[in-house]
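Accompanying notes for the structure given below.
The values are calculated or read from the model by the stated rules, or taken from the named source; none is laboratory data. It should be emphasised that the depicted structure is a prediction, and the values quoted were computed from it without experimental measurement. Ideal geometry is used to build each Cβ from the backbone, glycine not excepted, and the neighbour counts take in all protein chains shown.
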């Protein structure tokens, strides 16, 4: 048996803010950020009312802000965001926990609904694996659509089970902060909900 594996949500768990929103603001500026969300508010309201899916709402936003952008330019923005902004967003308590697990030979996996274009950069920095939302590229440009499904809710579990045989691990940990993490938390023997906002205790999402 392997010692263990730990699945960490990224946005709101490891970070203090949603990194997709911060990335949009970083690349477009605060004025266009606010204007864009105002223009797209009908779709966001429809999502809140459960008329459309999380994925449809996200694709609408991605297409508005990045649709048609050259993939190489998009990735340049991701690298700058990773270098300049991500370090300010990381909860230091999460780093302490990740280092503790790594010292015990527990595999660490970042499982995120945000695009892998910057999440993977951070995961690689801490020698962790990454399962994250993948963006569809058409003719070397950002299409605004997600490749496959948004890595959220049931999709997080699907992606985990596709890559890992959980029966091989002596212990399974999961860390999350929202309803989109509930299914992933249910996989774990040891689970933490909003663990780095106070004293990290075993807790369940509402």
Scan of the stretch 113-132 for residues that are out of contact with any helix residue (DSSP H, G or I) (no Cβ under 6 Å at 6 or more places or on another chain), without any contact (Cβ under 8 Å) to a residue 40 or more places away in the chain and assigned to a strand (DSSP E or B), ordered by number: 129
Residues within the stretch 91-127 that are closer than 30 Å to residue 67 by Cβ and more than 13 Å from the chain's Cα centre (by Cα), tallied: 2
Residue, surrounded by the most Cβ atoms within 10 Å (Cβ to Cβ), within the stretch 145-154, restricted to residues that are in contact with a strand residue (DSSP E or B) (Cβ under 7 Å, 6 or more places away or on another chain) and assigned to a loop (DSSP other than H, G, I, E, B): 151
Which listed residue is farther than 21 Å from residue 143 by Cα and touching a residue at least 60 places away in the same chain (Cβ under 8 Å), from 48, 63, 17: 17
Scope the stretch 38-57; condition outside any loop (DSSP other than H, G, I, E, B), over 17 Å from residue 151 (Cβ atoms) and out of contact with any helix residue (DSSP H, G or I) (no Cβ under 8 Å at 6 or more places or on another chain); matching residues: 38, 41, 42, 45, 48
Residue within the stretch 105-112 that is farther than 27 Å from residue 4 by Cβ, assigned to a strand (DSSP E or B) and in contact with a strand residue (DSSP E or B) (Cβ under 8 Å, 6 or more places away or on another chain) present: no
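Results for (1) at pLDDT below 95; (2) in a strand (DSSP E or B), shown as yes or no for each residue.
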| position | (1), (2) |
| --- | --- |
| 143 | no, yes |
| 159 | no, no |
| 175 | no, yes |
| 206 | yes, no |
Single unsatisfied condition, residue 12 versus (1) surrounded by fewer than 19 Cβ atoms within 10 Å (Cβ to Cβ); (2) over 30 Å from residue 138 (Cα atoms); (3) within 17 Å of the chain's Cα centre (by Cα): (1)
Matching residues in the stretch 50-81 - criterion: being surrounded by 14 or more Cβ atoms within 10 Å (Cβ to Cβ) and more than 18 Å from residue 29 (Cα to Cα): 52, 53, 54, 55, 56, 57, 58, 59, 60, 71
Test: residue 6 is crowded, with 20+ Cβ neighbours inside 10 Å and in contact (Cβ under 8 Å) with a residue 12 or more places away in the chain: yes
Condition met for residue 84 (at pLDDT 95 or above, more than 13 Å from the chain's Cα centre (by Cα) and more than 12 Å from residue 27 (Cβ to Cβ)): no
Residue 150 vs. criteria modelled with pLDDT of 95 or more and at positive phi: no
